[in-house]
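In what follows, a single structure is set out as structure tokens and then discussed.
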Amino acid sequence: MIELNAVETVEGACRLTFLVENETETAIDTADYQVVIFDASGVFERLTLFAFRDLPAQRPRVRQFDVRGLSCENLGRVLINGLSGCTVEGAESDICDETPTLNSRTEVELLG
């Protein structure tokens, strides 16, 4: 599960706060997702990589990402475009291949 929990403007950036939960029975060492940012009018803003790092099994974690040069007021959508990398016990794994449940507690839409 990936939830966009909050967005806030910080010095020169828009901070995105995610609540992430690994719903599997296996601890994940790294989970990296390709993310696309769209502005409030739906226009492509940028493509980036969010490294959600280690995700213990069945435990929630909070991860924050500062998107430099972006005003939160101009943020419209965040698209989880796909998995970039996933490792378990130091080796590439397909455990992250299943599309996570997505949710947003903000006015910014989270898509996948």
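If you filter segment 35-66 down to residues that are under 14 Å from the mean Cα position of the chain (by Cα) and among the polar types (S, T, N, Q), you find that the one that is nearest to residue 1 (Cα to Cα) is 64. Selection over segment 14-29 of residues that are more than 12 Å from the chain's Cα centre (by Cα) and more than 17 Å from residue 86 (Cβ to Cβ) gives a count of 1. Among residues of segment 1-24 being farther than 30 Å from residue 94 by Cα and of a type in the set (Gly, Ala, Ser), the one that is modelled with the lowest pLDDT is 12.
Name the single residue that is farthest from residue 97 (Cα to Cα) among those in segment 11-39 being among the acidic types (Asp, Glu) and out of contact with any helix residue (DSSP H, G or I) (no Cβ under 7 Å at 6 or more places or on another chain). The qualifying residue farthest from residue 97 (Cα to Cα) is 11. Sub-7 Å Cβ pairs linking a first residue in segment 45-67 that is under 20 Å from residue 78 (Cα atoms) to a second residue that is surrounded by 14 or more Cβ atoms within 10 Å (Cβ to Cβ) and small (Gly, Ala, Ser), at least 6 apart or interchain, are 49/84; 52/31; 66/13; 67/13, ordered by first then second residue.
Picking from residues in segment 1-19 that are among the acidic types (Asp, Glu) and not in a loop (DSSP other than H, G, I, E, B), the one that is surrounded by the most Cβ atoms within 10 Å (Cβ to Cβ) is 3.
Would you check if residue 32 is under 11 Å from the mean Cα position of the chain (by Cα), farther than 15 Å from residue 106 by Cα and among the charged types (D, E, K, R)? It is true that residue 32 is under 11 Å from the mean Cα position of the chain (by Cα), farther than 15 Å from residue 106 by Cα and among the charged types (D, E, K, R). Restricted to strands (runs of 3 or more DSSP E) entirely inside segment 20-112, those with at least 2 residues that are loosely packed, with under 14 Cβ neighbours inside 10 Å and in contact with a Phe, Trp or Tyr (Cβ under 9 Å, 6 or more places away or on another chain) are 44-51, 60-68.
A single entry from 84, 104, 71 fulfils the requirement of being touching a Cys at 6+ places or on another chain (Cβ under 8 Å) and among the hydroxyl-bearing types (Ser, Thr, Tyr): 71.
The values are calculated or read from the model by the stated rules, or taken from the named source; none is laboratory data. Since the model is a prediction, treat every value here as computed from it, not as a measurement. Because the Cβ atoms are built from the backbone with ideal geometry, glycine has one as well, and the counts that use them run over all protein chains shown.
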